[in-house]
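K.L.:
Provided herewith is a single structure, encoded as structure tokens, for subsequent inquiry.
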Amino acid sequence: MIAAVIAASLLIGVSLGVLGGGGSILTVPILIYLAGMETKEAIATSLFVVGVTSAAGVVSHARAGRVRWRTGLLFGLAGMTGAYAGGRLAGFIPGTVLLIAFALMMIATAVAMIRGRRKATTKTHHELPVLHVLLDGIVVGLVTGLVGAGGGFLVVPALALLGGLPMTVAVGTSLLVISMKSFAGLAGYLATVHIDWGFAALVTAAAVVGSLLGGLLAGRIPQDALRKSFGWFVAVMGVFVLGQQIGSDLRHTLLTSPWTWACAAAAAGVGVSWYLLRRIARTPERTSTTPAVPDTESPDSLITRP
């Protein structure tokens, strides 16, 4: 069991080093289902693991010039406020509710990763809109404190779109932000939760090794393929965690009810129809915009010109 946890911890670090996020999305289920921790203890421990691992990952990215310190510190300080508040608030919320919220966040994150993002405009912003960044940082920090998710997959697009940072720089800067917010969320949890520091240190050490390896691999792996494959993995994990929190009676009812399968078939039909309609709608646009080069440049047309 310990070997499985260490191997999974290496994956946590690699995810943080390469993608700038995903550490907590993996850490919480690993600590709950492999290490057998309670929900709140697992969330608090994940904040420590991800905080230290992200701080270590910043080193390799900083050496390569992929960290924007001013931007990261501004976003991180805003996020720390929300993270501490979320960590204190989590003490009054049942663990099952937190885990369901975490699973829903995993699924939403996976959908965003699989879909990808539209390419940003060529305009870049050297100075971030401070009010927008502060609000965004507080909201992401609140999520961090509540469910133990560092918010890397929320921070990276925010840095890329708001600050106009290249994706590789956004990933490196995201690790700085995640580290700051994770420690703030941990401070909020320590008021009500006890952590096994020896076990946490073991998991963290393995994750740090993975983070350094991920930092070396960053930029060498096709980001789109990696993002989509990791997104599907996160989606499966989210569905698994959500299924574990649903009672066995309700789960049996949902799986055996004809209404469930009818709704699933209808949703699949709507999805396929929407996809086909989009493909059909795009076809005339492509054909109509194609220039008639052979008609204007053919030898016959040149001969008949006055």
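Every read-out reported here was derived from the displayed coordinates using simple, explicitly stated rules and does not represent laboratory data. Note that this is a predicted model, so its numbers are computed, not measured. Cβ sites come from the backbone with ideal geometry, for glycine too, and all protein chains shown count toward neighbours.
K.L.:
Can you tell me the order of 233-242, 69-78 when each peptide is scored by its average per-residue count of other Cβ atoms within 10 angstrom, highest first?
P.N.:
The most tightly packed comes first, giving 69-78, 233-242.
K.L.:
I want the local charge near residue 216. Using Cβ-Cβ distances under 14 Å, sum +1 for each Lys or Arg and -1 for each Asp or Glu among the other residues.
P.N.:
Combined, the nearby Lys, Arg, Asp and Glu give +3.
K.L.:
May I pose another question? Mind listing the long-range amide H neighbours of residue 68? Cut-off is under 5 Å, sequence gap 5 or more, other chains count too, H placed in the peptide plane at 1.01 Å from N.
P.N.:
173
K.L.:
Here is a follow-up. Sort 56-65, 42-51 by packing, meaning the average of other beta carbons within 10 Å per residue, with the highest value first.
P.N.:
Working: 56-65: 19.3, 42-51: 29.5.
Highest mean packing first, the order is 42-51, 56-65.
K.L.:
Using the Karplus curve 6.51 cos²θ - 1.76 cosθ + 1.60 with θ = phi - 60°, what ³J(HN,Hα) values do you get for each residue of the stretch 88-99, in whole Hz, with x for Gly and Pro?
P.N.:
Karplus-based 3J(HN,Hα) across the stretch 88-99 equals 6, 5, 4, x, 9, 10, x, x, 4, 5, 4, 5 Hz.
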